[in-house]
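Heads up: the structure comes next, in structure tokens.
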Amino acid sequence: MDRLLQTAGERMSSTFNAFALFANFENPFGDTARALRESVDTVVHAEELGFEQVWLTEHHFNAFSVSASIFALLAHLAAKTSRIQLGAGAVLLPFHDPVRVAEDAATVDALSGGRLLLGLGKGGPFPDQFRHFGVTHDESRSRLHEALDLLEKVFAGTGVSHQSTHYRYDGLSVYPRPIRSPLPVWLASMADESLALAAQRGYGLMGPSAAPVAKMRALLDAFDALQPKNSPPFVLARYLLCDQDHRCAREEALPFIRDFGKNMRAAIKRIPAEPPVQPFGEPAAAYEEDAMLANAIVGDPAACIEQCLALRQALGDRPVVLLLKPASYDPLVNRSSLSLFAERVRPALL
């Protein structure tokens, strides 16, 4: 461990910019009230440990994840916390009225004292979401980009006029007004059009939980080639289970990671109009253990340090927020894992 601490600075050209908690609001208990309470308690615990950010997902029509009302959850967390930044990771913009998104975002930012981080996406690869919200997969990207145009206008001023295929307004003024201008924005997208838009407008990018690091490096290299304008740090998600016992950490994390991937892939089912994508890792290899953990941070503190160092080195010299997704069904185990990471792993990475 001492040698790891000594060499951390030698092997990394720069440090992680921030450490964040990924709150998916899972409900393995079949008890929504408990699931919400346990997730909120974990966020409060992460703030006490010094984590700089928490990011919430938005999932619909999925009993495994009860984070459908993302702004309601963010508003509640604004009241339960005082320092940690509150990330929407991400608001599925094509499924919402962008005017209401502007109102909700400005309200949460004001309630939290300017702590909102606004992540936006086009809907993910989940057919039920498109079907039940009445949005086709083909039109979701154009809706996303048009809604982004509108959000920028209404955040910047009043009396807005906007004419596009999906949204038409004249003399539109949205209240409350944002207390920060502009709000920091991230796109949860790896499409070429989204990369170009993010580079042009100064948006950040977000990467999914089990995305292979080589794929993320290629994405970031392509993004850098577009000469992005003051974009915020890349947010990269990774499963986390840190335990004093390396074997116990693996045994605890593997069922959760396996089930999480299977659940997400079951929700995907099929993807109309576009080739399939695997945002939650490769489903092949018959869930072989090493393959499942290749894009996770799992083990004893020394192993977690090594994995973080390797990840940072592989991503290159660029700002990165490490977004940690607790990988246990037991909330107490997750909080213990976060505590051990904060006490033993994080100091070696700073």
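The values are calculated or read from the model by the stated rules, or taken from the named source; none is laboratory data. What you are looking at is a predicted structure, and each value in this text was computed from that prediction instead of being measured. Here the Cβ is made from the backbone with ideal geometry for all residues, glycine too, and neighbour counts use every protein chain on show. SASA here: full protein model, heavy atoms, side chains in, ligands and nucleic acids out. Shrake-Rupley method; radii C 1.70, N 1.55, O 1.52, S 1.80 Å.
Between Glu152 and Tyr329, how high is the FRET efficiency from 1/(1 + (r/R0)^6) when r is the Cβ-Cβ distance and R₀ = 30 Å? Nearest 0.05.
Values: r = 41 Å, r/R0 = 1.36.
Efficiency at R0 = 30 Å is approximately 0.15.
With Cβ to Cβ distances under 14 Å as the rule, what net charge do the other residues near Leu183 carry (K, R +1; D, E -1)? Can you show the working numbers first?
Values: positive: Arg115, Lys153, Arg177, Arg180, Arg201; negative: Glu103, Asp104, Asp109, Glu152.
My count for the surroundings of Leu183 gives +1.
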Discussion item. Give me the net charge for the shell around His162: Cβ to Cβ below 12 angstrom, other residues only, Lys and Arg +1, Asp and Glu -1.
Written reply: -2
Fill in: Apportionment of accessible area to carbon and sulfur, the range 99-138, percent (1.4 Å)
51
Worksheet item: Quick one: putting +1 on the C-beta of Lys and Arg, -1 on the C-beta of Asp and Glu, what dipole do you get for the range 139-277 around its Cα centre, in Debye to the nearest 20?
Response: 160
Item to complete: Let me know the charge dipole size of the chain about its Cα centre in debye, to the nearest 20, where only the beta-carbon of Lys, Arg (+1) and Asp, Glu (-1) is charged.
Response: 460
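Looking at the chain, how many pairs of lysines come closer than 21 Å at the Cα, when each pair is eight or more places apart or spans two chains?
7
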Worksheet item: Tell me, what is the FRET efficiency for Leu226 and Ala310 to the nearest 0.05, using R0 = 30 angstrom and their Cβ-Cβ distance as r?
Response: 0.65
Worksheet item: So how strong a dipole does the range 29-84 carry about its Cα centre when Lys and Arg Cβ are +1 and Asp and Glu Cβ are -1, to the nearest 20 debye?
Response: 120
Practice prompt. With no solvent and one equal point scatterer per Cα, compute the Debye intensity ratio I(q)/I(0) for the chain at 0.08, 0.09 Å⁻¹ and report its log10, rounded to two decimals.
Written response: -0.37, -0.47
Response to the item:
In nanometres, the difference between 0.36 nm per residue of separation and the alpha-carbon distance of Lys262 and Ile179 is 25.8 nm
Discussion item. Below 11 angstrom from the Cβ of Gly121, what's the summed charge of the other residues (Lys, Arg +1; Asp, Glu -1)?
Written reply: +1
Worksheet, complete the sentence: Full extension between Ser69 and Leu219 adds, at 0.36 nm per residue less the Cα distance, a length in nm of 51.0 nm
Worksheet item: For the range 67-137, with the dipole built from +1 on Lys and Arg beta-carbon atoms and -1 on Asp and Glu ones, taken about the Cα centre, which of Ala102, Leu116, Leu92 lies farthest toward the positive end?
Response: Leu116
Worksheet item: Put +1 on the Cβ of each Lys and Arg and -1 on the Cβ of each Asp and Glu in the range 39-184; which of Pro125, Phe71, Phe155 then has its Cα farthest toward the positive end of the dipole?
Response: Phe155
Discussion item. Would you work out the Kirkwood radius for the range 309-350? I mean one over the mean of 1/r across all pairs of different Cα atoms, in Å.
Written reply: 11.8
Response to the item:
In Å², rounded to a whole number, the accessible area per residue of the range 159-230 with probe 1.4 Å is 51
Worksheet item: Alpha carbon centre of the range 92-136 versus the range 282-350: separation in Å?
Response: 28
Practice prompt. Output the antiparallel fraction of DSSP beta bridges having both residues in the chain, as a percent to the nearest 5.
Written response: 10
Worksheet item: Modelled label-to-label distance, Arg131 and Ala33, 7 Å Cα→beta-carbon offset: nm?
Response: 3.2
